[in-house]
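Report on one structure; see the data block that follows.
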Amino acid sequence: MRKWFVCILALIVILSGFPSLIDVPTALADSNGQYSETKSASSEATASSDEIVPGEVLVKYKSARVSSKGISAQSVTPVIQKISFSASTSLADKIRELKADPNVELVEPVYRVYASKLVPAQSVVKAVYNNQSDKIYMRNWGKTVTQLTYAAEFTDPQKLGQVTVAILDSGVDTSHPDLAASMVTGYDFVDKDANPNDQYGHGTGVAGIIAAQAHNADGYTGVAPGVKIMPIRVLNHEGKGTTADLIAGIKFAIDKRVNVINMSLGLSEKSLILQNIIRQAVEANILVVAAAGNDSNNWIGNEPGQLDGVPQADQIRYAEAMPSYPATFDEVVSVGAIAQLQDMSLTIADFSNTYKVDIAAPGVNIYTTILSHSHSYLSGTSAAAPFVTAMAALVIANDPTIKVSHLRALLENSASPLDPLELSYSNVDRNNNHTLTNIDFYGHGIVNGLTPFTQTRLELTLDYSLASTHNTVTATLNEKDAFGQPTSGRHTYKLYDHRVVENTPYRYAWEPDDTGLNGTVIESVYGSGTVTVQLPASMNDSFGYRFYLDDADSEEQAVESNWVYWYKRPAAPQPDKSAGSYSGSVTVQLSSSTPNSSLYYSLYNSTSDGIAVYPYTAPLILDKNSVLFTYALSQWHLQ
């Protein structure tokens with residue numbers, strides 16, 4: 001059974017005093033001048049103390065406020081502060097104390113953030129295509145196999161110069177001859193100054209893949225030469241940082257109105273405050289791209305693609321169940337890495353994370369800029385993410401008014417599929433046989449630099465405001481060319497919908513359509529069209545649908561539209577007691593107005609952390625200061 005989640009928080013205060021409502025959050029080169037990335041540090045840690053900065057928490061207030069007397073606080077954003085205290089103080093106690101403030105919305109630890117480390121990669125040259133006698137191809141293979149060499153040709157350099165990409169990383173070597181002309185003013189949140197110069201090398205490599213402009217015959221040209229780079233340093237000279245600096249860096253990028261944010265970095269813990277600021281970026285029409293991470297082991301033994309130094313001893317195939325954050329967040333475009341094998345075919349890179357991958361890009365032996373005004377090869381999802389970021393910049397240059405939801409859909413739905421691949425893993429289970437497939441490795445496919453400039457794109461908006469009164473839904477189509485202009489003539493497309501399932505590890509999971517709308521024809525006349533469709537007389541009490549437009553009869557004259565979701569979740573559970581102060585124990589009963597919904601609950605108090613969720617089968621008896629979290633679930637069978 002797959003379940004729909006909706007929840008309401010109800011505060012029950014027992015005895016005296018008011019407890020706090022706590023949100024529990026769930027560069028070196030080898031002798032050949034090559035770089036590669038190891039796994040992200042401590043990616044499998046679960047709230048590990050190693051991943052928490054001692055003596056610091058982040059507090060998000062409901063409204064801006066100044067520091068309280070006696071508390072050492074540093075402003076991260078107008079409503080977010082980093083509070084410092086003695087490392088010997090209990091983190092849980094400090095969180096409880098801060099949450100007593102009614103102006104506090106969220107409190108969480110300050111987590112550690114990492115760039116994937118750069119280490120010698122002698123085995124890379126043995127496992128994947130590497131022909132140093134053909135240096136021109138080696139330095140450009142990533143752009144070649146993705147057809148991104150064409151993308152720059154479709155873009156006016158002057159228009160590209162009006163697009164800004166923020167690179168949140170270890171800074172950038174702003175004096176590198178291939179990068180200097182691309183720089184705009186950024187900031188260093190590590191040293192708190194306006195000089196975000198790279199002391200580690202990671203950010204310089206990322207910047208080169210995106211925007212390098214060869215200054216002479218020995219230089220290197222990136223995917224989007226001429227795009228502006230805003231270096232925002234959030235990682236120190238060891239490639240380490242914190243969520244406090246990362247959040248501040250994202251807020252800086254939002255305030256500077258950049259077009260795309262690239263984060264080739266990760267952390268193992270879920271930060272709700274980080275997700276909140278990323279949502280703000282998306283709402284500001286900024287595309288957010290992040291590396292999926294390098295925690296998997298996709299190839300074993302002597303299989304093609306094996307990158308370990310001793311392949312014979314490597315016999316366990318394991319996959320990271322989810323990429324690192326922020327790539328895991330739905331608001332972020334998560335990028336996995338591909339490698340080119342000796343036979344020139346493409347496949348998943350040995351290290352590339354799985355499951356929540358939205359799109360893939362080249363990530364092994366990627367030639368780019370490095371420190372000391374030089375060049376070398378970089379491997380890792382950190383090298384793959386910049387390809388997608390640069391492609392987004394090229395699209396924006398041609399259509400500065402494109403909305404981020406349409407931009408993301410264009411990048412993902414124009415991606416090229418790769419040959420079917422199934423691998424069996426020891427630690428994850430997708431299909432009851434531990435097998436993962438292309439959707440886990442590549443998401444929509446490998447980034448394509450040609451299709452978005454040679455096919456029209458479809459943009460869908462959905463109006464279901466009359467669904468409850470007139471039982472109708474209106475779909476509006478806009479058909480545009482690569483420059484955002486309405487197309488000419490008449491074209492026919494079809495409206496499709498699927499019933500989708502929330503909160504499931506099955507990405508893009510859906511049930512059969514039960515609205516009868518699939519295949520509804522909508523006609524584009526000089527770039528626009530509208531169709532109003534009748535809904536069934538009775539709808540499920542709880543549902544979710546994904547709508548999109550695509551070619552009629554697989555004509556492939558346009559790129560599939562963005563996905564529009566319509567959710568009606570089960571009614572939130574209602575406790576029969578209101579929040580307040582009670583004397584002695586109290587009995588709480590839960591109910592929901594949605595038929596056939598199941599009720600669940602969790603508690604936060606002195607003996608329960610609020611994380612474990614239990615089925616509600618009988619009235620609850622509370623006898624201590626508690627916060628009650630309640631959930632209603634509507635169950636469907638996923639076919």
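The values are calculated or read from the model by the stated rules, or taken from the named source; none is laboratory data. Keep in mind that this is a model prediction, so the values were computed, not measured. Every residue, glycine as well, gets a Cβ built from its backbone with ideal geometry; the counts of neighbours run over all protein chains shown. To get the accessible areas, we keep the full protein, side chains included, count just its heavy atoms, and leave off ligands, DNA and RNA. Shrake-Rupley method; radii C 1.70, N 1.55, O 1.52, S 1.80 Å.
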Next on the checklist: Test of understanding: express the Cα radius of gyration of the range 143-278 as a ratio to 2.2 N^0.38 Å, with N the residue count.
Outcome noted: 1.05
Checklist outcome for this item: Checking rank on 433-440, 447-454, 362-369, with mean other Cβ inside 10 Å and highest first, the result is 362-369, 447-454, 433-440
Item to check | Per-pair calculated FRET efficiency, R0 = 22 Å: D50 and A92 via Cβ, rounded to 0.05 | outcome: 0.80
Next on the checklist: Can you give me the distance in nm between label points at S583 and E283, each placed 7 Å from the Cα along the Cα-to-Cβ direction?
Outcome noted: 4.4
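How much length, in nm to one decimal, is gained on full extension between S72 and D101, taken as 0.36 nm per residue of separation minus their Cα-Cα distance? Let's see the in-between values first.
On the way: separation 29, 0.36 × 29 = 10.44 nm, distance 1.60 nm.
Full-extension gain reported as 8.8 nm.
Rounded, prolate or oblate: pick one for the range 274-330, where a ≥ b ≥ c are the square roots of the eigenvalues of its C-alpha gyration tensor, a/c under 1.5 means rounded, and failing that, prolate if a/b is larger than b/c, else oblate.
Here the range 274-330 falls in the prolate category.
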Checklist entry - Packing-wise, with mean Cβ within 10 Å as the measure, how do 577-584, 218-225, 621-628 rank, highest first? => result 218-225, 621-628, 577-584
Checklist entry - For D308 and A552, FRET efficiency with R0 = 45 Å and r from the beta-carbon atoms, rounded to 0.05? => result 0.40
Checklist entry - Tell me, in nm to one decimal, what length is gained between S591 and H470 on full extension, where the rule is 0.36 nm per residue of separation less the Cα-Cα distance? => result 40.6 nm
Checklist entry - What is the spin-label model distance, in nm, from A64 to D255 if the labels are put 7 Å beyond Cα along the C-beta direction? => result 1.0
Checklist entry - How much length is gained on full extension from D193 to T532, taking 0.36 nm per residue of separation minus their Cα-Cα distance? => result 116.5 nm
Checklist entry - Can you give the three extents of the C-alpha atoms in the range 291-389 along their principal axes, from longest to shortest, in whole Å? => result 36, 36, 24
Item to check | Rh by Kirkwood over Cα pairs, then Stokes-Einstein D for the chain at 1.567 mPa s and 4 °C, µm²/s | outcome: 50
Item to check | Derived scalar couplings ³J(HN,Hα) [the range 221-230; Karplus, 6.51 cos²θ - 1.76 cosθ + 1.60; whole Hz; x for Gly, Pro] | outcome: 10, x, 6, 10, x, x, 5, 7, 10, 10
Checklist outcome for this item: Reported to the nearest 10 Å², F329 has, with a 1.4 Å probe, an accessible area equal to 10
Checklist entry - Size of the range 335-475 along its principal axes in angstrom, Cα-based, largest extent first? => result 61, 46, 26
Next on the checklist: Take the residue pairs K159/K494; K143/K251; K60/K251; K192/K256; K240/K403 and return only those whose Cα atoms are more than 22 Å apart.
Outcome noted: K159/K494; K143/K251; K240/K403
Checklist entry - To the nearest 0.05, what FRET efficiency results for H237 and A214 with a Förster distance of 41 Å applied to their C-beta separation? => result 0.90
Item to check | Rg over Rh, two decimals, the range 227-382 (C-alpha only, Kirkwood Rh) | outcome: 1.00
Item to check | Solvent-accessible area per residue, Å², over the range 279-351 with all protein chains present [probe radius 1.4 Å] | outcome: 34
Next on the checklist: Antiparallel versus total DSSP beta bridges in the chain: what percent is that, nearest 5?
Outcome noted: 75
Item to check | Size of the range 556-639 as Cα extents on the principal axes (Å, biggest first) | outcome: 69, 27, 24
Checklist entry - Taking the simple approach of a point 7 Å from Cα along Cα-to-Cβ for both N518 and Q315, what is their distance in nm? => result 4.5
Checklist entry - Going by average Cβ neighbours within 10 Å, how do the peptides 87-98, 248-259 rank, with the highest at the top? => result 248-259, 87-98
Item to check | Estimated Rh, the range 346-427: Kirkwood, alpha-carbon pairs, angstrom | outcome: 14.9
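Which value results when the Cα radius of gyration for the range 119-212 is divided by 2.2 N^0.38 Å?
The range 119-212 yields a ratio of 1.30.
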